[in-house]
Amino acid sequence: MKLMLCILFLLIFLIIPCSILAQNKNNIQAPNLAERLGYSADAKLLIIHADDLGMSHSANKSFIDALKSGMVNSGSIMVPCPWFSEIAAYYRENPDLDLGLHLTLNSEWKHYRWRGVTSSSETPSLLDSVNYLHNNLGKIASVVDPVEAEKEIRAQVERALAFGIEPTHLDTHMGALFQTPALFGAYLRVGRDYNLPVLLVRDTFNQLPETYTSQIRPSDIFIDYLAMASPDVTEENWENFYLEIIKNLKPGVTEILLHLGYEDAEMQAAMVDHPDYGAKWRQRDFDVFTGEKMRQALKNNNVKMITWRKIGQLLKQSREGE
């Protein structure tokens, strides 16, 4: 049930289209995101992004190795997790990396758990009976105080900054900050206050209630599409699933969201009894996006790689007049 809720919210809430582009008084359509980024309107722009950095040594190491392959070019860090300091140290040695923060309000694995950055006395609604972050998205929706949630995610940003990380963007682990309009508001406010783009995607926008859509400002930037594997993709079809995404990529900005890792003892123990998004899953993602077929597919389909850093620069320009 927890997994199905996660998938539902990723599909409904993380895949958010931007508001309809306004037309000027001469009825000339405003530039789309690709054009605003300096590309042609029909350009196929892609971010290949790895979630969950800092969660484990395996997640960190596989991301670093995938970076060296030249295809994975972006990632986001879970600040509360035990291996945060390792990826922070790697960032300090490589400050041009496109690394954002995977704002974390939940701790979902069976035995491998973590707490928040803030103290339990400051944010008690974020914690379960044994003082770990909730493992259930439904709990986040029903019991988490949005004021406490905002305090926690601000603390995560501040901790990253204290470790020398200058994040390029923000997103949300398992869509936790899309569980209620109030949490969504906290997500937007933190992004705006730190002048960082937050992950918002352009599909199914009209399906969102006004309590979400009314919080959007004209300067907020939405990418066009998000793609990731789901549990119904079979192991045998894993590579072909991603190749088809590349083959059918539409003009605009797409993010392919990966969960990288090695199928080693650490990942197997951390993700015991959890095949979905587990150790084998993460090894398959790594294998596909360090393989030659994917590299050739990007070339054959005239895909141009971009990063959140470029979107962040556009966002800063957009907000100068606000």
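Values quoted throughout were computed directly from the atomic coordinates according to the rules given, and no laboratory measurement underlies them. From a predicted model like this one, the values you see are computed outputs, not experimental measurements. A quick note on method: Cβ atoms are made from the backbone with ideal geometry, for glycine too, and the neighbour counts reach across all protein chains shown.
Descriptive notes on the structure:
- When both region 165-193 and region 96-127 are represented by their alpha-carbon centers, they are found 13 Å apart.
- Cα-centred dipole magnitude for the chain, charges only on beta-carbon of K, R (+1) and D, E (-1), debye, nearest 20: 740 debye
- Contact order normalised by residue count of region 165-247, Cα under 8 Å, 6+ apart, percent: 26 percent
- Cβ crowding within 10 Å, taken as a proxy for footprinting-reagent exposure, orders MET294, MET267, MET55, MET305 from fewest neighbours to most as MET305, MET294, MET267, MET55.
- Highest mobility in the GNM of the chain, judged by mean-square fluctuation with C-alpha springs under 10 Å and restricted to HIS274, HIS173, HIS134, is found for HIS274.
- Set of lysines near LYS310 by C-alpha distance (under 18 Å), chain-local residues within fewer than 8 positions excluded: LYS44
- Beta bridges per DSSP with both ends in the chain, % antiparallel, nearest 5: 10 percent
- Prolate/oblate/rounded label for region 142-232 (Cα gyration tensor, a/c 1.5): rounded
- Among VAL303, VAL190, VAL272, the ranking by other beta carbons within 10 Å of each residue's beta carbon, starting with the fewest, stands as VAL272, VAL303, VAL190.
- Taking a point 7 Å out from the Cα of SER69 in the direction of its Cβ, the residues of region 201-242 whose backbone N falls within less than 19 Å of it are 227-230, 233-242.
- With contacts taken as Cα pairs under 8 Å and at least 6 residues apart, the chain reaches a relative contact order of 26 percent.
- Were the residues from SER121 through SER230 laid out at 0.36 nm apart, the gain over their Cα-Cα distance would be 35.5 nm.
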